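The values are calculated or read from the model by the stated rules, or taken from the named source; none is laboratory data. For clarity, every value in this text was computed on a predicted model and none was experimentally measured. Neighbour counts are summed over all protein chains in view; Cβ atoms, including those assigned to glycine, are modelled from backbone coordinates with ideal geometry. We work out accessible area using only protein heavy atoms, side chains counted, and drop any ligands, DNA or RNA first. Shrake-Rupley method; radii C 1.70, N 1.55, O 1.52, S 1.80 Å.
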Amino acid sequence: ASAVSAQSQRLNVVASNLANADTVAGPDGQAYKARQVVFQTLPFQQPGEAGTAAGVQVSQVTEDNAPGRKVLDPKHPQADADGYVTYSNVNAVEEMVNMISASRSYQNNIEVMNTARTLLMKTLQLGQV
């Protein structure tokens, strides 16, 4: 379940990146910076148990400090003194790959949860015989 939640957060960050892929610098002169999710392993250990089960959580969301794309467009209202418009540093192709990866990971984690539920139900049915 923790992996499903983490991948859901990752999908939200990717969606935000894609939504801002073609945005220009705002009034503060700063363009949108691409964000990436950083995962952290969480051990699940009950007191007195020697279990090795683990989960995952999002430890932080970092910003990519790469410079934004500069496009020559002197007629654009956001153009600088040299005629360049600064766009976000989001690479749409990389974000689409990231989205597919996150989506598949999410689906796989749901499948694992469904399989575990099915196995637990069959185990309970064995006890009824």
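For the chain, with only Lys/Arg (+1) and Asp/Glu (-1) charged at the beta-carbon, what is the dipole magnitude about the Cα centre, in debye rounded to 20?
Here the chain has a charge dipole of around 480 debye.
Using 1/(1 + (r/R0)^6) with R0 = 41 angstrom and r between the beta carbons of Lys70 and Gln9, what's the FRET efficiency to the nearest 0.05?
After rounding to 0.05, the efficiency reads 0.85.
What nm value, rounded to one decimal, do you get for the distance between Met96 and Glu63 when each label is placed 7 Å out toward the C-beta?
The answer from the label model is 2.7 nm.
Quick one: which residues, 5+ away or cross-chain, put their amide H under 5 Å from the amide H of Ser59? H built at 1.01 Å from N.
Close amide H contacts, sequence-distant or interchain: Val38, Phe39, Gln40.
Please compute the modelled spin-label separation between Asp28 and Ile110, points set 7 Å along Cα→Cβ, answer in nm with one decimal.
3.6 nm
In cubic angstrom, how much convex hull volume per residue do the alpha carbon atoms of the chain span?
133 Å³
With a 1.4 Å probe and every protein chain kept in, tell me what percent of the accessible surface of region 1-124 is carbon plus sulfur.
55 percent
Helix 92-126 versus the longest principal axis of the chain: what is the Cα-based angle in degrees, 0 to 90, to the nearest 10?
Roughly 10 degrees, rounded to the nearest 10.
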